[in-house]
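Worksheet for the structure shown next.
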Amino acid sequence: MQFPEIFDVIVVGGGHAGTEAALASARMGRKTLLLTHNIETLGQMSCNPSIGGIGKGHLVKEVDALGGAMATATDEGGIQFRILNSSKGPAVRATRAQADRILYKAAIRWRLENQPNLWLFQQAVDDVIIEGDRIAGVITQIGLRFKAKAVVLTAGTFLNGLVHVGLENYRAGRAGDPPAISLAARLRELSLPAGRLKTGTPPRIDGRTIDYSVLEEQPGDDPVPVFSFLGSPEQHPQQLPCWIAHTNERTHEIIRSGLDRSPMYTGVIEGVGPRYCPSVEDKIMRFAGKESHQVFLEPEGLATNEIYPNGISTSLPFDVQINLVRSIRGLENAHILRPGYAIEYDYYDPRGLKNSFETKAIQGLFFGGQINGTTGYEEAAAQGLLAGINAALYAWDEPAWCPSRDQAYIGVLVDDLITRGVSEPYRMFTSRAEYRLMLREDNADIRLTEVGRKIGVVDDVRWEAFSRKQEAIARETERLKRTFVYPAMLDETIATAVLGKQIEREYPLFELLRRPEVSYEALLSLTGDEGESDPQVRQQLEISAKYQGYIDRQQDEIQRSRYYESLEIPEDLDYRDVKGLSIEAQQKLNVYKPQTLGQAGRVSGITPAAVSLLLVYLKKKYKAKNTKDLGDAA
Amino acid sequence: MIRVSGRAAPDIAVTILGRCPSPRHATYIDFLDTDGSTIDRGIAIYFPAPHSYTGENILELQGHGGTAVLQRLLQRCLALGAKLAEPGEFTKRAYLNDKLDLAQAEAVADLIDASTDLAARSAMRSLSGEFSSHVHALRERLINLRMYVEACLDFPEEDIDFITEGGVIDKLESIRNELSLLSTTAKQGSILREGIQVVLIGQPNVGKSSLMNQLAGQDIAIVTAIAGTTRDTIRSEIQLEGVPIHVIDTAGLRETVDEVEIFGIQRTWRAAETAHIALILVDATHGITENEKSILARLSGVPQQIWIHNKIDLVNSSPEIREVDGKTHIFLSAKTGHGISLLKQHLLELAGWRAGTEGVFMARQRHLKALDGVSQSIENAKKNLNQAELLAEDLRLAQESLNEITGEFTSDDLLGEIFGRFCIGK
Ligand SMILES: Nc1nc2c(ncn2[C@@H]2O[C@H](COP(=O)(O)OP(=O)(O)OP(=O)(O)O)[C@@H](O)[C@H]2O)c(=O)[nH]1
Ligand SMILES: [Mg+2]
């Protein structure tokens, strides 16, 4: 049957990518359909119950700055909040929260159900409708045909999932969901380049059987942080601590004795797992010298006793799992509620995507989330948001949008994926961002909210709050730059307390704020001014003053590469025509067809000389416009 | 000659010459150092945009001095904000600014393609021995240090105090020492004065020693009609337009039982190992034989090999240079001196003494400049020991500078180092 409504955008999958994609498209006024195999699992955290962390927290703030749901849902469902790296500089500080699964899910579900322009429908998608090289819609399990101009596929780990516990395995999606096998088969038929990855979870534990008295308590921060730029601590439910346990030599012995029945060590699993999130068997095998590993016991919610022991992900047989858990101090009597397992799943080589996440092969078909070879809710949400935005833009024939590497971690994520592909599940780290000092949690809104407003994903409430903040920052910066202090003006004791010693000449206040030891608060005490009270504004003033030298330098670097970075390469270019390119470079570039010269330069194995050759060729063939200023050379 | 192209060329002129010369007029003028002293005196010509080779403002400085003086002048330009031209950069700019036509664009491509790889390889050789092993040691240390610093930023929840365990402060200090060692060596000039190494190689009696004497303009090596005259390697430095070139005459290659000759032949191969250019001599009366082909096969590590067909006076042909299958063949007579100028000209071109191509000299400048960048960043890093994220930024910049010598090292490579070394992750 043909469904009577025709949509602008259909989003397939109701995980973190799918929900952000659907919400973004609907916020932009597109008639949007979210298709999920189960409405009950919308917004489900299928792995560990936490959101954020280094690099990931940065992504969540960016999603928030673009009007996404993840940060607010975490504020409403978070039961422990911490700022990681709080003793280090602002660029690497990151928010992390434990979330109550049920509250989080409810917060997401509420948003989905109350979002204008968004339709929800429960049906597994089996097939896509393709007309020529364009997407036209999808077909569900019972043969319903839904038509749309654009389709966003966020089927995540459900694609061709294979779960392993010991040497037993069965076909399934994450956490008991059915795997999307027929869709995977259909996509394989379209011969999009695919690969296989692996990830795992630990056994879950009944909290009533844990002896907390022998464990180290890890409380949340005080004052309690918030995630969203619009959030407040009052939104948070009751807060809980986490607990830290440790493996010991006996634990390791038990694991070693079970390796002959490990699907990883017997070669049953073919997918590649992440290096940074190793299973506990990997940890003790690869780092035999380490006597003990941390295990973080994380509460899964307020209304449940279930505990997520973060750090002992495993696919060993269940009998080994029981013994290994019970060898840990404090868990001697632990009851396992669900066994740990490893899951293998399909992903599509993201080098087949444009930076809008549209597939290069099929127009109007967008991929977002784990399907692109990433891991993590935050990475999924960020991609979903971008894919949703671009599907919406596409549906109304508007040009695609993607932030650059110097603008957002989302930009780094996209660019890494589409130029370098993945060799393991991709996770964000701050070290992936060369412009790390500029891409901070605290300024995600300054980097993105304005462009988000133009695109149409930022609503009035957020826009007004943002504009007020920006005005306050501009006003106060101006004042600090204009206001001079003179030696005679300053009380000797206060000056010594704040600046170390009395000043010998006049200074603008802004100049003093640039000194590492001078806080905004202390600066105000010099002159007795009241200043700005909004902590977000204060923070921006301080950071921008202190980082200025470094940020100016990075801006320079960006400026220098801008021309190359954004020079577009025509889609139909045959690299075999580019004189001087090595055969290897020609082949690589012909397969991945980068959209810009900047992207081409980041494809592995493409040298600066190859980029120069391309530039010369493009100029010749397509009369690339004005070369701008190339700097001075001798 | 030094050529500066870009918007700031007139500003650089004002600083170095005291004024910007009037457009397109050769002006005889002093080139001034930072302290106002004269580096050299020579001709300066200023071509304002767009009426210049590249279409940008161009300043040309042509001095009298040799390599060392030129070197100082170049440093001065770099200090004033110019960057070293990439291989083929001037031609590329000319092209991009619509100064060259389509056909010439092909030539640009050739230029970039051919010169980069070769020059980089030669330059690494010219920095050979102690110098290059220092550079590699430096790279290892920098990566190791970054591994700890980045791990401390990205993995604060691990039970490892990366900064303390990694001995970050000590490591930074040892990198500084390594660098200052390197830069003093460089400043003493031993490396810069090394020049390019040219080895003369071939069967006995083909005329290697005769060619050596011709190039040097004096009788350095003994020449006789007896095969196996030269027993040991003989070195001589010659200057071609101020560019130092080390010519090495070697024992002729052949099967032999003579113990002295066997040692000599071993030395011949050793000399070839560090050479930038091998001149393979052939007796023109025989042409290239199987023996010569097997010599060529053993010289694949030398960046450039050139066939020298000697004794053309015996076959009555005239001097000539031509390309066959990507190899240069020069026909000359070491006895009469005919064709020697062709060889000299060609050597100069390979040394990078022609506008547009990048030779060993320029590539090496780039390396030294890169090391300067590393030093700068490491000095900054020392000031940021208490701010790990700024320390990390300085180290990243140091790595980027070093990458220009040693090749790409990506953030993903760095993560690989971290995951290989530490047990990270929950
Ligand atoms: N006619 C003519 N004779 C030459 C020429 N070059 C060298 N000879 C003669 O060839 C003989 C060998 O010359 P050398 O320069 O000693 O040859 P070599 O390659 O150094 O020989 P070994 O040191 O024995 O390996 C001498 O008699 C030279 O005079 C040339 O261009 N023309
Ligand atoms: Mg000889």
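See the values below:
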read-out: Compactness of the protein assembly as shown, expressed as Rg and Dmax over alpha-carbon positions, Å; value: 33.8, 103
read-out: Cross-link partners of A:Lys290 among lysines (Cα-Cα below 16 Å; sequence separation of 8 or more within a chain); value: B:Lys426
read-out: For the protein assembly as shown, with +1 on Lys and Arg beta carbons and -1 on Asp and Glu, the positive-most of A:Ile135, A:Thr209, A:Leu331 along the dipole; value: A:Ile135
read-out: Given A:Lys198/A:Lys588; A:Lys354/A:Lys620; A:Lys88/A:Lys501; A:Lys31/A:Lys354; A:Lys588/B:Lys92; A:Lys360/B:Lys83, the pairs whose alpha carbons are separated by over 28 Å; value: A:Lys360/B:Lys83
read-out: Label-reachable residues, the range B:390-426, where backbone N falls under 19 Å from a point 7 Å from A:Arg286's Cα toward its Cβ; value: B:410-426
read-out: Cβ charges +1 (Lys, Arg) and -1 (Asp, Glu), total dipole of the protein assembly as shown, debye; value: 1820 debye
read-out: FRET efficiency for A:Ser213 and B:Asp219, using Cβ-Cβ distance with R0 set to 56 Å, rounded to 0.05; value: 0.05
read-out: Taking the range A:567-629 and dividing mean pair separation by its residue count, relative contact order in percent (alpha carbons under 8 Å, at least six apart); value: 33 percent
read-out: Beta bridges by DSSP in the protein assembly as shown, antiparallel share as percent, to the nearest 5; value: 65 percent
read-out: Taking chain A and dividing mean pair separation by its residue count, relative contact order in percent (alpha carbons under 8 Å, at least six apart); value: 16 percent
read-out: Alpha-carbon centroid distance for the pair the range A:464-529 / the range B:377-403, whole angstrom; value: 28 Å
read-out: Helical mean residue ellipticity (222 nm; -39500 (n - 2.57) per DSSP H run of 4+; nearest 500) of the protein assembly as shown; value: -13000 deg cm²/dmol
read-out: Cross-link partners of A:Lys481 among lysines (Cα-Cα below 18 Å; sequence separation of 8 or more within a chain); value: A:Lys546
read-out: Beta bridge orientation in chain A: antiparallel %, DSSP, nearest 5; value: 70 percent
read-out: Spin-label model distance (nm) - A:Tyr486 vs A:Leu240, 7 Å beyond Cα toward Cβ; value: 6.3 nm
read-out: Dipole in debye (nearest 20) - the range A:567-629, about Cα centre, beta carbon charges: Lys, Arg +1; Asp, Glu -1; value: 200 debye
read-out: Sites B:Arg421 and B:Val315, calculated FRET efficiency, Cβ-Cβ separation with R0 56 Å, nearest 0.05; value: 0.30
read-out: FRET efficiency estimate (nearest 0.05) - Cβ-Cβ, B:Arg176 to A:Glu506, R0 45 angstrom; value: 0.75
read-out: Calculated SAXS-style log₁₀ I(q)/I(0) at q = 0.16 Å⁻¹ - the range A:204-340, Debye, Cα scatterers; value: -0.87
read-out: Footprinting exposure proxy for A:Asp529, B:Asp249 (fewest neighbouring C-beta atoms within 10 Å first); value: A:Asp529, B:Asp249
read-out: Simple Cβ-charge dipole of the range A:1-145, Lys/Arg +1 and Asp/Glu -1, about Cα centre, in debye nearest 20; value: 640 debye
read-out: P(r), alpha carbons of chain A - 20 Å bins starting at zero, rounded %; value: 18, 48, 30, 5, 0
read-out: Relative contact order [Cα under 8 Å, 6+ residues apart], the range A:6-95, whole percent; value: 24 percent
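No lab work stands behind these numbers, since they all come straight from the coordinates. The structure presented is a predicted model; accordingly, all values stated were derived computationally and were not measured. Using ideal geometry, Cβ is built from the backbone for each residue, glycine included, and neighbour counts are taken over all protein chains shown.
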